[in-house]
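Here is the structure we will look at.
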Amino acid sequence: MTAIAWEERMSVGYPVIDAQHRKLVELIAQLEEIIRKGGGGNRFEPVLTELERYTAIHLHFEEELLKQKGYPDLDSHRVLHDFMRSQVAKIRKQATVGSPDAAELLGFLMLWLKGHIEAEDQLYAEFLKAAGVKEIPVVPVP
């Protein structure tokens, strides 16, 4: 069993964003499982690459959406995203499965992501709902 899993309370109420958040949770859970089982780099590296790629896509999507909708706390939200980007980059640099630093950073990232979705992302979801945003169009992810 992994330390992070999607929970309904993480939903922001917009299916496209919830799907992206689920994917991030899934990727982090996969990395955690590989580290926990002592899996080799051949399993770790592709998942880490996908986490880094998908994190960049999701954060860009979210920031552009909030910019278009005039979210007043976008700058502070972007700072939090920059922090997540830096943590993923640190994991990438210390990406040996046996590295205690990689496991520690991944654990921190799990807690950070869950906390970010349940707190910060809920704030922008409330803003979007109050602004009358009923749905967010799906943008294909490469």
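Descriptive notes on the structure:
- Residue satisfying all of: in segment 93-125; over 19 Å from the mean Cα position of the chain (by Cα) and part of a helix (DSSP H, G or I); modelled with the highest pLDDT among these: ASP101
- Whenever a residue of segment 1-25 is of a type in the set (Phe, Trp, Tyr), its partners that are not in a helix (DSSP H, G or I), lying with C-beta atoms within less than 6 angstrom and at least six residues away or across chains, give the pairs TYR14/ILE136.
- Looking only at residues of segment 9-52 that are small (Gly, Ala, Ser) and assigned to a helix (DSSP H, G or I), we find that the one that is nearest to ARG92 (Cα to Cα) is GLY41.
The values are calculated or read from the model by the stated rules, or taken from the named source; none is laboratory data. Keep in mind the model is a prediction, meaning the values are calculated, not measured. Heads up, the Cβs are rebuilt from the backbone with ideal geometry, glycines too, and the neighbour counts pull from every protein chain shown.
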